[in-house]
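I have placed the structure first, in the form of structure tokens, so that the comments after it can refer back to it.
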Amino acid sequence: MVAAGQGQVALGRISVQAVTKSFRQNDGSEVRALSGVDLEVTAGEFISLIGPSGCGKSTLLRLIAGLNSADSGRLLLDGGEIREPDSERGLVFQNPLLFPWLNLYDNVAFGLKARKIYRERKGDVAEFLRLVGLEKFARSYPHQLSGGMAQRAALARALVNRPRVLLLDEPLGALDAFTRMNMQDEIIRIWRERNTTMIMVTHDVDEAIYLADRVVVMSPGPARIETDIAVELARPRARSHLDFLQLRARILRILHFGGQIREPNYQI
Ligand SMILES: Nc1ncnc2c1ncn2[C@@H]1O[C@H](COP(=O)(O)OP(=O)(O)O)[C@@H](O)[C@H]1O
Ligand SMILES: [Mg+2]
């Protein structure tokens, strides 16, 4: 974040105000994906968004990205209404969605070329490949990369646009447990270095706590924000620290309240 004392206003503040969104299903019925969602995110903040499957997390991210529009309510980035997708709001999905026919350098350069700013910003491609630790793999193709490397490339491709906000929809969901924990540290390091506002959807309570300044818990039917919890633990966080575990238990209780986690019906 740009320090306020330097006379510049930090960018990347998001305001979601009373947002509702419904979808029409194939049978003609309507599903209410979001029901009066309010969320304020300050510039440079890291938010984890957690909640049971189908509670509207991706919908909220897509609205902030500008891929869909809300039925009612307002979404603002730094005071300006969000109307359509823009490079100032980067998106990373569970599937890295790299172009298989382009090497990593060209995958990362793609957005700059599409926006016709590649010539001035050429140096950024190498800078962001370095930021995610892939500078030695610039000439490699997506099929030559591990899952973690591909996901880092997807991060570089989003970050090269220097977005004010990075929206991450379960970006680590397909990775094995060890790669996933390493990637969590990578994401924190990049966040520290770039100070981009981040909103990350995850199903993983530990991941949500490990990363975020605030864990926002969503509940289904009607889909809305159930609780907003500040994580006041110093980083790097210890996953087995008592405070961490207490927070974990609290969030699991809230999710349970959402009715999605059932007690197993066996005794051993
Ligand atoms: N494009 C769409 N068309 C119809 N229904 C949708 C669409 N997108 C989402 N939904 C519905 O909206 C609800 C919320 O979906 P989603 O935001 O994807 O949930 P989550 O990401 O929390 O799993 C679900 O019931 C889903 O079926
Ligand atoms: Mg989703």
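Points worth noting:
- Cα lying deepest toward the dipole's positive end in the chain, options Ala156, Ser22, Thr197, charges on Cβ: Ala156
- Long-range HN-HN contacts of Ile117 with modeled amide H, under 5 Å: none
- Integer Hz, Karplus 6.51/-1.76/1.60 couplings in order for region 192-209, x for Gly and Pro: 4, 6, 9, 6, 7, 4, 10, 10, 10, 7, 8, 9, 9, 4, 4, 4, 4, 6
- Compared with the dominant principal axis of the Cα atoms in the chain, helix 242-257 is inclined by about 60°.
- In whole angstrom, region 154-268 maps to an equivalent ellipsoid with semi-axes of 27, 17, 15, each derived as √(5λ) from the alpha carbon gyration tensor and ordered largest first.
- Shown in residue order for region 89-96 are the 3J(HN,Hα) couplings computed by the Karplus curve 6.51 cos²θ - 1.76 cosθ + 1.60 at θ = phi - 60°: 10, x, 10, 10, 9, 4, 8, x Hz (x for Gly and Pro).
- Other-chain or far-sequence residues with amide H under 5 Å of Val201's (modelled H): Leu49, Leu168, Asp169, Glu170
- The lysines within cross-link reach of Lys21, meaning a Cα-to-Cα straight distance under 23 Å and a gap of 8 or more places when in the same chain, are Lys57.
- P(r), alpha carbons of region 82-166 - 5 Å bins starting at zero, rounded %: 3, 16, 28, 27, 16, 7, 2, 0
- Within region 46-204, the ratio Rg/Rh, alpha carbon atoms throughout and Rh by Kirkwood, equals 0.96.
- The angle between the Cα long axis of helix 104-114 and the longest principal axis of the Cα atoms of the chain comes to about 90 degrees, rounded to the nearest 10.
- Three-way shape call for region 126-202 based on the alpha-carbon gyration tensor, with the a/c threshold at 1.5: oblate
- Protein accessible area in region 86-134, 1.4 Å probe - carbon and sulfur %: 56
- Lys, Arg +1 and Asp, Glu -1 on Cβ, resulting dipole of region 8-87 about Cα centre, debye, nearest 20: 160
- Estimated dipole of the chain in Debye, rounded to 20 [Cβ of Lys and Arg +1, of Asp and Glu -1, Cα centre]: 640
- Positive-end residue of Ala249, Ala126, Val165, charge dipole of the chain with Cβ unit charges: Ala126
- All C-alpha to C-alpha distances of region 1-124, sorted into 5 Å bins beginning at zero, yield P(r) values of 2, 8, 15, 17, 16, 16, 12, 8, 3, 1, 0, 0 percent in whole numbers.
- Mean Cα-pair separation over length for the chain, i.e. relative contact order, pairs under 8 Å, 6 or more apart, %: 24
- FRET efficiency, 1/(1 + (r/R0)^6) with R0 30 Å, evaluated for Arg24 and Ala126 via beta carbons: 0.05
- ³J(HN,Hα) computed for each position of region 167-182 - Karplus, 6.51 cos²θ - 1.76 cosθ + 1.60, integer Hz, glycine/proline x: 9, 10, 9, 6, x, 10, x, 9, 9, 5, 4, 6, 4, 4, 5, 5
- log₁₀ of I(q)/I(0) at q = 0.08, 0.09, 0.12 Å⁻¹ - the chain, Debye sum with one point per alpha carbon: -0.34, -0.43, -0.77
- Solvent-accessible surface (1.4 angstrom probe) belonging to Leu76, in square angstrom, nearest 10: 20
- Accessible surface for the chain, divided over its residues, is 51 Å² per residue with a 1.4 Å probe.
- Most mobile listed residue (Asn107, Asn95, Asn182) in the chain, GNM with C-alpha springs under 10 Å: Asn182
- The angle between the Cα long axis of helix 118-131 and the longest principal axis of the Cα atoms of the chain comes to about 60 degrees, rounded to the nearest 10.
The values are calculated or read from the model by the stated rules, or taken from the named source; none is laboratory data. Worth saying up front: this structure is predicted, and the values here are computed from it rather than measured. A quick note on method: Cβ atoms are made from the backbone with ideal geometry, for glycine too, and the neighbour counts reach across all protein chains shown. Quick note on the areas: whole protein, heavy atoms, side chains included, nothing else; ligands and nucleic acids left out. Shrake-Rupley method; radii C 1.70, N 1.55, O 1.52, S 1.80 Å.
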